[in-house]
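Student: What follows is a structure written as structure tokens; I'll ask about it next.
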Amino acid sequence: MSELFKRSFQLFKLTIRRDRIRASIWIFALAFFTLIIPGSFQNLYPDQQDRDAMAVTMENPAMVAMVGEGDLDNYTIGAMSAHQMVLITAVFVGIMSILLFVRHTRTDEEEGRVELIRALPVGRLATLHATTMYVVFVNVVLAVLVAIGLMVQPIESLGIEGALLYGATLGGTGICFTAVTALFTQLSDSSRGATGWSIGLLLFFYVLRAIGDIGSEALSLFSPLGWTTKTMIFTENHWWPIFLMLAFSFVVLLLAYRLNAKRDLEAGLFPSKPGKARASNNLLSPFGLAFRLQRTAFISWAVGMLLLGISYGSVLGDLDSFFQGNEMVEKILVQEEGYSIAEQFISIIMTVMGMIATIPALISMNKLYGEEKKSRLELLYAKPVSRKTMMGSYLLVAVINAFVSVILAGIGLWAAGSTVMDDPVSFGTMIGASLAYIPAMFVMIGLSALLIGLKPNVVSLTWVYLVYSFIIVYMGNLFQLDEWFSNVTPFGHVSQLPVDEFEVVPFFGLIGVAIVLVVAGLTFYSKRDIQG
Amino acid sequence: MEKVVDIKRVTKKFGDFKALDEVDFSVRKGEVFGFIGPNGAGKSTTIRILLGILKATEGQATIFGKDVWNDSMEIHRQIAYVPGDVNLWPNLTGGEVIDLFAKLRGGRQTKRREELLERYKLDPTKKCRTYSKGNRQKVALVSALLSEADLYIFDEPTSGLDPLMEQTFQEDVRNLRQEGKSVLLSSHILSEVEKLCDRVGIIRDGTIIEQGSLEELRHLTRHHVLLETTSSLDGLRDVEGVHDVNQDGNTYRFQVNAEQMDQVIKFASQYPIQKFESAPPTLEDLFMRHYEGTDEVVE
Ligand SMILES: Nc1ncnc2c1ncn2[C@@H]1O[C@H](COP(=O)(O)OP(=O)(O)OP(=O)(O)O)[C@@H](O)[C@H]1O
Ligand SMILES: [Mg+2]
């Protein structure tokens, strides 16, 4: 038995060394965003009265769908911070765990590094085990930092037990997704597959919890992200969800280890079937190739975005009935004359969906550099294929992805919404609200193109920028942030239809910026060395 | 002779590191040119510059008289390339990749596809992820050989092939030569270069240190000579062109510059010689000298 794990610890240390900067950035960013919240709430809602008013708006099913359940009768600074932030932070902790895990297992395997290591006297399970230890370690460090950081804040409602539980909740969720990823890295036979499946499951768990929290309580109990919101940090302090998380992780990890010991290197358990001897005509061009390589991801994201739209749309009906006759709420939320709560909610949801729809678009564009790093472009560029054609093909796939994702999200929202709402929003309005995000998405794609042309090794900054945009827009609703913060993201300039007026200048302004970025990207890309 | 590839004082820097330092050589029409040198000498870098994938920091390189960077599209219609490390898309089959490459090149689609697949024993229905290194290389080779190009650039094309496939490949290169095609072949397998190439260029630390036909290169290096006599050979060391004399009783081993062999024979003929053996330098001797980086290269 111990043979299988031989040298895991050395590999674990090596992994930490290789990743010390990457992991530190993740840990500090996540801890920082958690720790600044209570102080900011203290400033924004100094009196219990303000907080109770906030608690009332949080009873809104749309909010419940987004941030989960909280102890609204006891809405102290601590309870409020935990309620509004723990789920969204936990989602990011989950994404961190997935990305770090795949990077050290499947990606290493694809690049032949695992093969080198397996040739040394290390156990068959050593890589998997070392990576598991490493990602768990990162989560534990994050949990401890968060716990200590909350304890030392001079805010009364931040108790010691709650602080520990907050850290444990974030770490525990991270460990759950570590285990989930460990399993998918065995089942799928590529790093992209493993990442896609894991993030897909994370989104599924999020939606499952949302549906559960709104009505069918039991569903939330089947989602690790449901457990995340059941801890009731800083009020009742439930620890049972943490134990549930650890038990879940243990079982899933055990399964992953068993599968890993069985499968071959570079294979997945989903078997590969024999393929075609001849290429079909639509593969035979740079665009055809770019599209074909991303076909599975494209379809999965399209389906995912539609489902996301449907799941948000399905709560639109409850919104109206919920607010009927509740004068207090109407006073607080209805600032925009002439628009229903549902319409305001649609504006906010479209922002979130617009940014999520940017993910597949950015993945497609950034793949151009991924191909280069894997030295797959060399053979193509030895043919009469120009740099502009190649980059143009990836741009086109990214743009198609952007359109399809955001429109399907809008259609899903409209379709589900119109079956449950008494006074549904028209199809045209909804498509308009979706399309309003296209220019901002183009800017993100253009930025990626520019970086690929100019300084491709930092192209992952596009993700940092998207996360920044998300946080600013998400938090912008909670705090009165300075305009400046949202002015530097393209999403800050989008007209939030149907509540905002459609503004022509920012719409075409963003398109203009995107065009400039793309042209610059194409120019620089045509001039630089290709690495392989 | 018409020059198909012409590289003039090409320098390539990666940051501060000079990977190529005024590289200068040419490949003539209809010849097989061997490009050899130790690991990291700059062979692949030179080839990538020729392909317009890397941009030369200084100097000029042309193929068919066209600039490799500015006119790469036109050039690429007439060349075929096989890298040493072939990276393909894991979820496409070998057959799909071969069709894709043929279409992208835009050249005539020949009916030799099946024949070549058969010849290289390649199963086109397998996903690239399941191919071994040698099989991935075969995909690129088959695709290159299908292409009816005028210039073939091979960067260590046989590094993953088994000996049988290596022979097949060598036959195909000979056929290309007979058809009047030009070939630039970078390789570490000296016997292969010796068998196939008309001319050879040797690169070390980013500089071409020798260039010429094998005959010419041999001429530049020393023959190994063994002499056995009954008396001692006084004054052998002073004969012009004699180096590294090793004496064991009355047996002498030494090296002679090719041009000065004449003097040595004249000198030795004054003595009662029992045995005279002279071996021309193998390509290997020639390389070893350069690979080891000694200064013994004859000026
Ligand atoms: N993109 C790059 N950045 C920095 N240095 C590079 C880069 N590409 C190559 N080099 C360096 O340039 C030198 C020449 O490399 P090159 O790949 O041309 O060697 P080679 O002769 O093909 O060697 P081998 O026989 O091992 O294939 C090496 O020292 C290599 O490390
Ligand atoms: Mg090389």
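The values are calculated or read from the model by the stated rules, or taken from the named source; none is laboratory data. Here the structure is a predicted model, which is why all the values come from computation and not from measurement. Note that we place each Cβ from the backbone using ideal geometry, even for glycine, and neighbour counts take in every protein chain shown.
Student: What are the pairs, 6+ residues apart or on separate chains, where a residue within segment B:29-50 that is among the basic types (Lys, Arg) has its Cβ under 8 Å from a residue that is part of a helix (DSSP H, G or I) and more than 7 Å from ligand 1 (Cβ to nearest atom)?
Tutor: Sorted first by the residue in segment B:29-50, then by its partner, the pairs are B:ARG48/A:GLU378.
Student: Just checking, how many residues over segment A:190-208 are of a type outside the set (A, V, I, L, M) and either touching a Pro at 6+ places or on another chain (Cβ under 8 Å) or closer than 16 Å to A:LEU170 by Cβ (or both)?
Tutor: Number satisfying all stated conditions: 3.
Student: What number of residues in segment B:18-41 are modelled with pLDDT of 95 or more and near ligand 1 (Cβ under 7 Å from one of its atoms)?
Tutor: Number satisfying all stated conditions: 1.
Student: Could we say that B:GLU194 is under 22 Å from B:GLY40 (Cα atoms), among the charged types (D, E, K, R), assigned by TED's automatic domain parsing to the domain that holds B:GLU148 and away from ligand 1 (no atom under 12 Å from the Cβ) here?
Tutor: Taking the combined requirement at face value, the residue satisfies it.
Student: For segment B:137-149, which residues satisfy the criterion of being away from ligand 2 (no atom under 16 Å from the Cβ) and either within 10 Å of chain A (Cβ to nearest Cβ) or crowded, with 18+ Cβ neighbours inside 10 Å (or both)?
Tutor: B:LYS138, B:VAL139, B:LEU141, B:VAL142, B:SER143, B:ALA144, B:LEU145, B:LEU146, B:SER147, B:ALA149
Student: Quick one: which residue in A:ARG278, A:ARG295 is modelled with pLDDT of 85 or more, out of contact with any helix residue (DSSP H, G or I) (no Cβ under 9 Å at 6 or more places or on another chain), surrounded by fewer than 18 Cβ atoms within 10 Å (Cβ to Cβ) and within 14 Å of another protein chain (Cβ to nearest Cβ)?
Tutor: Details: A:ARG278 fails: out of contact with any helix residue (DSSP H, G or I) (no Cβ under 9 Å at 6 or more places or on another chain).
Just a single option satisfies the conditions, and that option is A:ARG295.
Student: Is it true that A:PHE502 is part of a helix (DSSP H, G or I) and either away from chain B (no Cβ under 14 Å) or buried (at least 19 other Cβ atoms within 10 Å of the Cβ) (or both)?
Tutor: no
Student: Scan segment B:185-197 residue by residue and report those that are in contact (Cβ under 8 Å) with a residue 40 or more places away in the chain and surrounded by 16 or more Cβ atoms within 10 Å (Cβ to Cβ).
Tutor: Of everything in segment B:185-197, those that are in contact (Cβ under 8 Å) with a residue 40 or more places away in the chain and surrounded by 16 or more Cβ atoms within 10 Å (Cβ to Cβ) turn out to be B:LEU185, B:SER186, B:SER187, B:HIS188, B:LEU190, B:VAL193, B:LEU196, B:CYS197.
Student: Restricting to segment B:58-82, count the residues that are more than 10 Å from every other protein chain (Cβ to nearest Cβ) and among the polar types (S, T, N, Q).
Tutor: Kept after step one, since they are more than 10 Å from every other protein chain (Cβ to nearest Cβ), are these residues of segment B:58-82: B:58-68, B:70-71.
When the remaining residues are screened for being among the polar types (S, T, N, Q), the result is B:60, B:62, B:70.
Qualifying residue count, segment B:58-82: 3.
Student: Now, a different point. Of all residues in segment B:109-125, count the ones that are in a loop (DSSP other than H, G, I, E, B), modelled with pLDDT of 90 or more and either within 10 Å of chain A (Cβ to nearest Cβ) or over 30 Å from A:GLU115 (Cβ atoms) (or both).
Tutor: 3
Student: Same structure again: Among the residues of segment B:37-67, which ones are at negative phi and either within 11 Å of ligand 2 (Cβ to nearest atom) or part of a helix (DSSP H, G or I) (or both)?
Tutor: Just the residues of segment B:37-67 that are at negative phi, to begin with: B:38-39, B:41, B:43-51, B:53-58, B:60-63, B:66-67.
Selection gives B:PRO38, B:ASN39, B:ALA41, B:LYS43, B:SER44, B:THR45, B:THR46, B:ILE47, B:ARG48, B:ILE49, B:LEU50.
Student: Which condition breaks for B:LYS133 when tested against (1) surrounded by 15 or more Cβ atoms within 10 Å (Cβ to Cβ); (2) within 16 Å of ligand 2 (Cβ to nearest atom)?
Tutor: With (1) surrounded by 15 or more Cβ atoms within 10 Å (Cβ to Cβ); (2) within 16 Å of ligand 2 (Cβ to nearest atom) applied to B:LYS133, the lone miss is (1).
Student: Does B:GLU58 satisfy being more than 19 Å from B:ILE79 (Cα to Cα), out of contact with any His (no Cβ under 6 Å at 6 or more places or on another chain) and more than 14 Å from ligand 1 (Cβ to nearest atom)?
Tutor: Values: more than 19 Å from B:ILE79 (Cα to Cα): yes; out of contact with any His (no Cβ under 6 Å at 6 or more places or on another chain): yes; more than 14 Å from ligand 1 (Cβ to nearest atom): yes.
In short, yes.
Student: Checking A:ASP529 against (1) free of Cβ contacts under 8 Å to residues at least 40 places away in the same chain; (2) in a helix (DSSP H, G or I), which single condition isn't satisfied?
Tutor: Result: A:ASP529 passes all but (2).
Student: Among (1) more than 14 Å from ligand 2 (Cβ to nearest atom); (2) surrounded by fewer than 21 Cβ atoms within 10 Å (Cβ to Cβ); (3) at pLDDT below 95; (4) within 13 Å of chain A (Cβ to nearest Cβ), where does B:GLU2 come up short?
Tutor: Only one criterion is unmet by B:GLU2, namely (4).
Student: Could you check segment B:162-201 and list, in sequence order, the residues that are modelled with pLDDT of 90 or more and within 16 Å of ligand 2 (Cβ to nearest atom)?
Tutor: B:LEU184, B:LEU185, B:SER186, B:GLY201
Student: If you check A:PRO46 against the conditions, is it farther than 24 Å from A:TYR468 by Cα and without any contact (Cβ under 8 Å) to a residue 40 or more places away in the chain?
Tutor: Criteria met by A:PRO46.
Student: When only residues in segment B:66-84 that are over 16 Å from B:VAL183 (Cα atoms) and in contact with a Lys or Arg (Cβ under 9 Å, 6 or more places away or on another chain) count, which is surrounded by the fewest Cβ atoms within 10 Å (Cβ to Cβ)? Give the steps one after another, and end with the answer.
Tutor: Step one: list which residues in segment B:66-84 are over 16 Å from B:VAL183 (Cα atoms), which gives B:66-74.
Right, trim to in contact with a Lys or Arg (Cβ under 9 Å, 6 or more places away or on another chain) and you get B:69, B:72, B:74.
Numbers: B:TRP69: 19, B:SER72: 22, B:GLU74: 13.
For segment B:66-84, the residue satisfying everything is B:GLU74.
Student: Determine whether segment B:96-108 contains at least one residue that is away from ligand 1 (no atom under 16 Å from the Cβ), more than 9 Å from chain A (Cβ to nearest Cβ) and more than 30 Å from B:THR45 (Cβ to Cβ).
Tutor: Among the residues of segment B:96-108, at least one is away from ligand 1 (no atom under 16 Å from the Cβ), more than 9 Å from chain A (Cβ to nearest Cβ) and more than 30 Å from B:THR45 (Cβ to Cβ), which makes the answer yes.
Student: Sort out which residues of segment A:105-122 are out of contact with any Lys or Arg (no Cβ under 8 Å at 6 or more places or on another chain), surrounded by fewer than 19 Cβ atoms within 10 Å (Cβ to Cβ) and of a type in the set (Lys, Arg), and write them in order of number.
Tutor: Listed by number, the list holds a single entry, A:ARG113.
Student: Please find, among A:LEU396, A:LEU380, the residue that is assigned to a helix (DSSP H, G or I) and away from every other protein chain (no Cβ under 14 Å).
Tutor: A:LEU396
Student: Looking only at segment B:83-95, count how many residues are at the interface with chain A (Cβ under 8 Å from one of its Cβ atoms), out of contact with any strand residue (DSSP E or B) (no Cβ under 7 Å at 6 or more places or on another chain) and not aliphatic (A, V, I, L, M).
Tutor: Summing the residues that are at the interface with chain A (Cβ under 8 Å from one of its Cβ atoms), out of contact with any strand residue (DSSP E or B) (no Cβ under 7 Å at 6 or more places or on another chain) and not aliphatic (A, V, I, L, M) in segment B:83-95 gives 4.
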